[in-house]
1. Taking H as built 1.01 Å from N, whose amide H comes closer than 5 Å to the amide H of W343, not counting residues under 5 places away?
2. How would you rank 220-228, 302-310, highest first, on the average number of other Cβ atoms within 10 Å across their residues?
3. Could you pull out every residue, at least 5 positions away or on a different chain, whose amide H is within less than 5 Å of the one on E74? Hs are placed 1.01 Å off N in the peptide plane, and Pro or chain starts have none.
4. Taking region 51-113 as the region of interest, what is the percent of Cα-Cα pairs per 5 angstrom bin, listed from the shortest bin to the one with the maximum distance?
5. Accessible surface of F327 in the full protein assembly, 1.4 angstrom probe, to the nearest 10 Å²?
6. Starting from the residue with the highest accessible area, list D148, D83 in decreasing order, probe 1.4 Å.
7. What number does region 14-307 give for Rg over Rh if you use C-alpha atoms and the Kirkwood radius?
8. With unit charges on the beta carbons (Lys and Arg positive, Asp and Glu negative) and the dipole taken about the Cα centre of region 14-307, which residue among G97, Q36, S240 sits farthest to the positive side?
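The values are calculated or read from the model by the stated rules, or taken from the named source; none is laboratory data. Remember, predicted model here, so these are calculated numbers, not experimental data. Positions of Cβ are generated from backbone atoms using ideal geometry, with glycine treated the same way; all protein chains shown enter the neighbour counts. Heads up: the accessible areas ignore ligands, DNA and RNA and are worked out on the full protein's heavy atoms, side chains in. Shrake-Rupley method; radii C 1.70, N 1.55, O 1.52, S 1.80 Å.
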Amino acid sequence: MPSAPDSLTITRPDDWHLHVRDGAAMAAVVPHTAAQFARAIIMPNLRPPVTTAAQAMAYRERILACVPEGLAFEPLMTLYLTDKLPPDEIARARDAGVVAVKLYPAGATTNSDAGVTDLRKVHRTLEAMQRAGMPLLVHGEVTSPEIDLFDREAVFIEQQLVPLRRDFPGLKIVMEHITTREAAQYIRDAGPLTAATITAHHLLYNRNAIFTGGIRPHYYCLPVLKRETHRLALVEAATSGSPRFFLGTDSAPHPAHLKEHATGCAGCYTAHAAIELYAQAFEAADALDRLEGFASVHGPAFYDLPRNSGTLTLRRQPWTVPEHYPFGEAALKPLGAGETLAWKAQA
Ligand code: DOR
Ligand code: ZN
């Protein structure tokens with residue numbers, strides 16, 4: 001039996017799904033991501049949302065201003081799809097360097113009120129995206145109150161994604177932060193233009209984490225953690241070597257006091273230890289040798305971007321995650337606060 005390695009060097013990874021917010025909050029979190037990742041796809045769910053190429057480019061400049069000296073980090077910008085996003089904004093966005101458009105079903109999650117109320121309303125914009133080679137990133141949950149919260153992803157695939165895939169056969173689609181066996185199977189079989197990101201927290205935890213010893217708001221995100229069979233299916237998918245699955249943290253910072261609240265916000269903050277959390281999940285599955293493909297190879301291939309030229313080294317070097325990080329005027333409680341992680345990315 002080979003002994004467990006004490007260090008692992010991989011091509012510098014990218015985060016294909018990230019929330020950095022804006023203003024002082026953003027200044028607090030961008031350095032964490034820039035320390036590990038060469039690029040990240042930046043979610044557009046600001047208030048108001050990022051809906052024009054010009055707004056995306058201005059947001060990009062604000063992000064770059066938060067990157068510490070000496071680090072090279074490239075934010076990859078997205079637009080927020082609304083019922084009214086004009087088809088001709090797509091070519092402008094592509095020409096400005098926007099890499100994708102994000103679909104939030106209206107009401108599905110944080111800052112999704114401006115999202116799409118009915119896919120039929122955006123058909124012309126989706127056609128423009130298909131023509132321009134602009135990928136669609138999907139928050140895949142239905143919002144009908146009569147559908148059980150834990151079933152919203154599986155029902156979305158049946159009711160929305162299957163018809164969307166059929167109607168736009170040339171559109172690249174990424175189902176973001178998948179959480180179920182149904183999604184993993186769907187993606188595996190859907191062909192080369194369909195892929196999925198998987199978060200570290202969905203690989204590491206099942207829904208018991210939200211309720212262990214009392215209600216634990218820092219494990220609450222959307223789509224919500226699912227039961228163990230689903231977690232195992234996600235681990236299987238992420239470590240399978242299939243190029244359809246790649247890293248997207250969905251690191252989603254909220255002030256601690258708004259998560260520890262009667263109506264706590266959805267989102268887990270993982271950027272402080274993103275690659276370490278993934279390494280933990282891959283090692284538990286005895287698949288550390290598959291981490292590089294998932295973190296550094298499959299994403300650029302799907303997006304038709306070059307692989308990064310640098311490397312990132314992880315060492316087996318136990319460290320304790322801080323209880324809080326500063327977050328503007330508030331505090332930010334990271335996932336795994338106070339716990340010991342086995343791996344540490346080297347600066
Ligand atoms: O948990 C989540 N938080 N899920 C999302 O889809 C949005 C995100 C956020 O922006 O906080
Ligand atoms: Zn997200």
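1. Q317
2. On the way: 220-228: 19.8, 302-310: 13.7.
Taking the mean over residues of other Cβ atoms within 10 Å, the ranking is 220-228, 302-310.
3. For E74, the qualifying residues are R39, A40.
4. Whole-percent P(r) values from 0 Å outward: 3, 17, 24, 19, 18, 11, 5, 2, 0.
5. In the full protein context, F327 sits at about 10 Å².
6. Numbers: D148 80, D83 40 Å².
The ordering from most to least exposed comes out as D148, D83.
7. In region 14-307, Rg relative to Rh is 0.93.
8. G97
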